[in-house]
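Nothing in this text is a laboratory measurement; each read-out follows from the coordinates by a stated rule. It should be emphasised that the depicted structure is a prediction, and the values quoted were computed from it without experimental measurement. Don't worry about glycine lacking a Cβ; one is built from the backbone with ideal geometry, like all the others, and counts go over all protein chains shown.
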Amino acid sequence: MRCDMAASRQARPGKKQVAKRSAAKAPRSPHGQRAARTRVEVGSGNVFRDLGRPDAEERQLKVQMAMRVNGLIADAGMTQAQTASRLGILQPHVSDLINYKLNRFSVDRLIHFATLLGRDVEIVIRPRAPHKESGSVSVLVAA
């Protein structure tokens, strides 16, 4: 009986066969359209340069400094109010810093915040790497 049922399930006259979906096909959008293929480009390591910003290096340095300062704030377990008091700024400005809204902060000011949070800041100038056209700026944290 099983053989008969399996045979009857195979091809019935007048009934369309449903093809299995191929894994190679592009997925469909909610509207049934095929999604376009996404082109991926390798970045330079600086998103601001990749976006064509003229001040890309400064913006990258500012973000790196803000990441370190925000890490120090988090490690200390301070509230925004406590951080504002320690840094001598308003609490809404601490919120801007924590949320990386960095327009009001210069690199110098962020360095000063790091010192107010109990860290020494050392700037080292050394020869550039031989494979690079120009020097670079980066922020390193010593344990």
Those trypsin sites (Lys or Arg not before Pro) from segment 36-83 that are DSSP loop and have at most 14 other Cβ neighbours within 10 Å turn out to be 37, 39
Loop-located GluC sites (Glu not before Pro) in segment 36-143, at most 14 other Cβ atoms within 10 Å (DSSP): 41, 122, 133
Output for segment 56-135: chymotrypsin sites (Phe, Trp or Tyr not before Pro) sitting in coil per DSSP, at most 13 other Cβ within 10 Å, listed by number, reads 100
